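The block underneath contains the structure these notes are about, expressed in structure tokens.
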Amino acid sequence: MKNLRHAMIKEIIAQEVIETQEDLADALRAQDIQVTQATVSRDIKELMLIKVPIGDGRYRYAAPLKENVIFTQDRVKRLFMDTVTSVDMSENIVVVKTLPGSANTVAAALDHANWEEIIGTVAGDDNIIVVVKPKAAATKVRARIEDLMSDLPVPKRKGAKEQ
């Protein structure tokens, strides 16, 4: 059932402008696939759907390009500079605030960064909770995010090839 639902979601977002999880749930129900909002939310994360601008300040769900293209170092830097508005922390929790509709994409970038200190992320529309372990590493994670938000170039890693 999950594979069928995922295939249907890909087809729906390719053919229709789907702006919200509720729009997607309604489109699935129109295809006789009964879903809850929680299921749709999980499916969006599992399929790594992204929101792309469609004009007039509106966004729609879209399938991602190849993962290695979406999350190149330069693209992540641009994403954070363009969409992250602030970052704060308390204990082992880092809170990242974004422009509306951007939190899922930023959280996906953090998830795919494979920073060993990040256990996981939870994204809303414009806020992300980043759970960090150990607690002392939260300062380091916050500093990395602040570096990505700045307009200074990203330092090249040793042995990294030019992209």
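The values are calculated or read from the model by the stated rules, or taken from the named source; none is laboratory data. Predicted, not measured: the structure shown is a model, and the values here were computed from it. Every residue, glycine as well, gets a Cβ built from its backbone with ideal geometry; the counts of neighbours run over all protein chains shown. When the accessible area is computed, the model is the full protein with side chains, heavy atoms only, and any ligands, DNA or RNA have been set aside. Shrake-Rupley method; radii C 1.70, N 1.55, O 1.52, S 1.80 Å.
What is the number of the single condition among (1) in a helix (DSSP H, G or I); (2) basic (Lys, Arg); (3) at pLDDT 90 or above that Arg75 does not meet?
(3) is the only condition that Arg75 fails.
Is it true that Ala109 is in contact (Cβ under 8 Å) with a residue 24 or more places away in the chain and under 28 Å from Ala136 (Cβ atoms)?
Judged against the criteria, Ala109 is a match.
Output the residue which, of all residues in the range 110-163 that are of a type in the set (Gly, Ala, Ser), part of a loop (DSSP other than H, G, I, E, B) and at negative phi, is modelled with the highest pLDDT.
Gly124
Could you look through the range 99-153, keep only residues that are open to solvent by 20 Å² or more (accessible area, probe 1.4 Å) and β-branched (Val, Ile, Thr), and pick out the one that is nearest to Ser86 (Cα to Cα)?
Ile129
Within the range 61-72, does at least one residue satisfy the condition of being on the phi < 0 side of the Ramachandran plot, touching an Asp or Glu at 6+ places or on another chain (Cβ under 8 Å), part of a helix (DSSP H, G or I) and surrounded by 16 or more Cβ atoms within 10 Å (Cβ to Cβ)?
The answer is no; no qualifying residue exists.
Looking for something of a type in the set (Lys, Arg) and under 27 Å from Ala7 (Cα atoms) - is there at least one such residue anywhere in the range 75-93?
Taking every residue of the range 75-93 in turn, none turns out to be of a type in the set (Lys, Arg) and under 27 Å from Ala7 (Cα atoms).
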